[in-house]
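Engineer: Shown below is the structure under consideration.
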Amino acid sequence: MSKTIFVTGGAGFIGSALVRYLINETDNKVINFDKLTYAGNLESLESIENSDRYLFIKGDICDQSTVSKIFEEHQPDYIMHLAAESHVDRSIDGPGEFIQTNVVGTYALLEASRNYYNSLDEDKKESFRFHHISTDEVYGDLDEFGLFTEETSYEPSSPYSASKASSDHLVRAWHRTYKLPVIVTNCSNNYGPFHFPEKLIPLVILNALEGKPLPIYGSGAQVRDWLFVEDHARALYKVVSEGALGDTYNIGGFNEKKNIEVVHTICNHLNELITDKPNGIEDFKSLITHVEDRPGHDLRYAIDATKINKELGWSPVETFDSGIKKTVLWYLENSQWCQNVQSGNYQRERLGK
């Protein structure tokens, strides 16, 4: 049976992938509620914007009264909450926005959802879900061995991860105290098409194409578990539609890579695909530049995604090699999108020193 799904942050990187998936692969109606900050881009949704099952509303999750009115009008079955300030380096430069959006905004959304939920009849209550989408960074970092599980204790390192940990705790508290039907997911590093170029993979691709230095924090030995964004979108819908209420599901790509390995892989693909290289360089790897490490930089993240695999039957389709090649090709074929998203104040400069 078709549902009405209210997605916050649906113009962002993961949010837009989710919205595209919901419109293209399900029969649900989607309300995309996004503030359109620098990282929100409606161009990422051009392929589905004319669907009669899609509605975009510009707004701020901190505006509880407006959110409540939208709930009353559209009667959503699922709330999928992705709206967040999400870049560690930016959180170091200016933590206040992260507290406001990620903590205060989540509180306001929870209250609007609780009031709405309490107004529903029993059948509608039975199907209602509040799905909070979070990050593996709330767990802090790992040593060389071990994986983050759903039982791993929280030890956030940055203002960003601390703000997301706070929002996770709020969501669980609203479940325990007010019986709001919630589900939480914590995911590993996403990559893929439409990724804002402050993040490692698009930054490296775009800098390389212009013959600019490819900045690597420290030695580049930091390990991340990489998840193709379209695999993540499938997982999110699996969880909200089939997951157990009150539970947490970790979503990972089973693709641990050192940052330096990621950059080498991108350079190798670009070396194969581009014959006329900028500035007369022969190998894109010659552009790699090691820079001072980020303050408080976690060494390793790695997700144990056994639970979602066993209980819900989800596993990633893309390997890192297949996903990264698709991503490189997408950026080569979509230079106009890249130019448009950088027309604001972000020009690939170093943040969070």
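Engineer: Beyond 23 Å between alpha-carbons counts as too far, so tell me which of LYS164/LYS307; LYS124/LYS179; LYS69/LYS125; LYS199/LYS285; LYS199/LYS257; LYS125/LYS164 fall in that bin.
Structural biologist: Table pairs above 23 Å Cα-Cα are LYS125/LYS164.
Engineer: Could you give the C-alpha radius of gyration of region 148-299 expressed as a fraction of 2.2 N^0.38 Å, taking N as the number of residues it contains?
Structural biologist: Against the compact-globule rule of thumb, the ratio is 1.27.
Engineer: Which value in deg cm²/dmol, rounded to the nearest 500, describes the helix-derived mean residue ellipticity at 222 nm for the chain, given -39,500 (n - 2.57) per DSSP H run of n ≥ 4 and division by the residue count?
Structural biologist: When only DSSP H runs of four or more count, the value is -12000 deg cm²/dmol.
Engineer: When each pair of different Cα atoms in region 262-327 is counted once in the 1/r mean, what is the Kirkwood radius in angstroms, to one decimal?
Structural biologist: 15.4
Engineer: Fewest first, what order do TYR191, TYR301 take by the number of other Cβ atoms within 10 Å?
Structural biologist: In order of increasing Cβ crowding within 10 Å: TYR301, TYR191.
Engineer: For SER153 and ALA221 in one chain, what is 0.36 nm times their gap in residues minus the Cα-Cα distance, to one decimal in nm?
Structural biologist: 22.1 nm
Engineer: Near ASN255, within a Cβ-to-Cβ distance under 12 Å, what is the net charge of the other residues, with Lys and Arg +1 and Asp and Glu -1?
Structural biologist: Residues close to ASN255 contribute a combined charge of -3.
Engineer: Are there GluC sites (Glu not before Pro) in region 205-312 that DSSP marks as loop and that have at most 16 other Cβ atoms within 10 Å, and which are they?
Structural biologist: For GluC sites (Glu not before Pro) across region 205-312 that sit outside H, G, I, E and B with at most 16 neighbouring Cβ atoms in 10 Å, the list reads GLU210, GLU282, GLU292.
Engineer: Hey, how much of the P(r) for region 34-107 falls beyond 15 Å, as a percent of Cα pairs?
Structural biologist: Of the Cα pairs, 63 percent sit more than 15 Å apart.
Engineer: Continuing with the same structure: With a 10 Å cut-off between alpha carbons and a GNM built on the chain, which of ARG300, ARG53, ARG20 moves the most?
Structural biologist: Sorting by GNM fluctuation, first place goes to ARG53.
Engineer: Quick check: net charge around LYS35, other residues with Cβ under 10 Å of its Cβ, Lys/Arg +1 and Asp/Glu -1?
Structural biologist: Net of charged neighbours comes to -2.
Engineer: Using only Cα atoms, find the angle between the long axis of helix 320-333 and the longest principal axis of the chain, and express it within 0 to 90 degrees, rounded to the nearest 10.
Structural biologist: 80
Engineer: Per the Kirkwood formula on distinct C-alpha pairs, the Rh of region 107-212 is how many angstrom?
Structural biologist: After inverting the pairwise mean of 1/r, the radius is 16.5 Å.
Engineer: Here is a further query. Using the alpha-carbon atoms, what tilt in degrees (0 to 90, nearest 10) does helix 229-242 show relative to the longest principal axis of the chain?
Structural biologist: Computed tilt is about 20 degrees.
Engineer: Roughly how compact is the chain, stated as its Cα Rg over 2.2 N^0.38 Å to two decimals?
Structural biologist: 0.97
Engineer: Right, next: Is there a quick way to get the dipole size of region 115-238? I mean about its Cα centre, with the Cβ of Lys and Arg at +1 and of Asp and Glu at -1; what is the value in debye to the nearest 20?
Structural biologist: Here the size comes out at about 380 debye.
Engineer: LEU45: net charge of surrounding residues, Cβ under 11 Å, Lys/Arg +1, Asp/Glu -1, itself excluded?
Structural biologist: Summing Lys and Arg as +1 and Asp and Glu as -1 gives -3.
Engineer: Another one. Taking the 0 to 90 degree range and rounding to the nearest ten, how far is the long axis of helix 105-118 tilted relative to the main principal axis of the chain, both from C-alpha atoms?
Structural biologist: Long axis of 105-118 versus the principal axis of the chain: about 30 degrees.
None of the figures in this text is laboratory data; all of them are computed from the coordinates on show. Given the structure is predicted, the values throughout are model-derived calculations rather than measurements. For neighbour counting, all protein chains shown are included, and Cβ atoms are generated from backbone atoms with ideal geometry for every residue, glycine included.
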